[in-house]
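Visitor: Before anything else, here's the structure in question.
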Amino acid sequence: MEKIYDKLVRDNIPDIIRSDGEKPITRILDDKEYWNYLLKKDSEELEEVKTACTSEEVKKELGDKLEVLIAMANFYGFTLEDIINESEIKKSKKGGFEKRILLEKIIKNKK
């Protein structure tokens, strides 16, 4: 019996599957496919964050999401530190999200 997954997996997953006595069928993605599967994986991880029920589950899923972000950064030749630096620059100019501000609308001034 076989089960189709069609998903990007962590590097050690095929070895783990083999150690369980099963046979993984894999291939290496080209750049375009890899980027598209990273985007798909990022969405998948976000859904898992949304459906996590405990703070421990949220922490685990955020860790998975961070791993995808690191892979996305590396794809473009950036390190996690590069991304953090960009975040800090934007935060210093526009702030963070600590105040939980929701912008509902803007009323334009009549001139």
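Please treat every number below as a calculation from the coordinates, not as lab data. Small disclaimer: the values here were computed from a predicted structure and weren't measured. So basically every Cβ, Gly included, is an ideal-geometry build from the backbone, and we count neighbours across all protein chains shown.
Visitor: Filter the stretch 45-57 down to residues that are under 13 Å from the mean Cα position of the chain (by Cα) and acidic (Asp, Glu) and give me whichever is surrounded by the most Cβ atoms within 10 Å (Cβ to Cβ).
Guide: GLU45
Visitor: Can I ask one more? Please specify each residue of the stretch 1-30 satisfying the condition of being over 15 Å from the mean Cα position of the chain (by Cα), within 17 Å of ASN74 (Cβ to Cβ) and touching a residue at least 12 places away in the same chain (Cβ under 8 Å).
Guide: LEU29
Visitor: Sticking with this structure for a sec: In the stretch 58-111, which residues are surrounded by 10 or more Cβ atoms within 10 Å (Cβ to Cβ), among the hydroxyl-bearing types (Ser, Thr, Tyr) and part of a helix (DSSP H, G or I)?
Guide: Of everything in the stretch 58-111, just one residue is surrounded by 10 or more Cβ atoms within 10 Å (Cβ to Cβ), among the hydroxyl-bearing types (Ser, Thr, Tyr) and part of a helix (DSSP H, G or I), namely SER87.
Visitor: Let me ask something additional. Quick check: is even one residue across the stretch 33-55 over 30 Å from LYS3 (Cα atoms) and either in a helix (DSSP H, G or I) or in contact with a helix residue (DSSP H, G or I) (Cβ under 6 Å, 6 or more places away or on another chain) (or both)? Talk me through it step by step, then tell me what you get.
Guide: Within the stretch 33-55, the subset over 30 Å from LYS3 (Cα atoms) is 55.
Next, from what is left, pick out any that are either in a helix (DSSP H, G or I) or in contact with a helix residue (DSSP H, G or I) (Cβ under 6 Å, 6 or more places away or on another chain) (or both): 55.
So far as the stretch 33-55 goes, yes, one or more of its residues are over 30 Å from LYS3 (Cα atoms) and either in a helix (DSSP H, G or I) or in contact with a helix residue (DSSP H, G or I) (Cβ under 6 Å, 6 or more places away or on another chain) (or both).
Visitor: Please identify the pairs in which a residue from the stretch 72-101 that is without any contact (Cβ under 8 Å) to a residue 12 or more places away in the chain has its Cβ atom under 8 Å from the Cβ atom of a residue that is part of a loop (DSSP other than H, G, I, E, B), counting only partners at least 6 apart or on another chain.
Guide: Once the first residue is without any contact (Cβ under 8 Å) to a residue 12 or more places away in the chain and sits in the stretch 72-101, its partners that are part of a loop (DSSP other than H, G, I, E, B) give ALA73/THR79.
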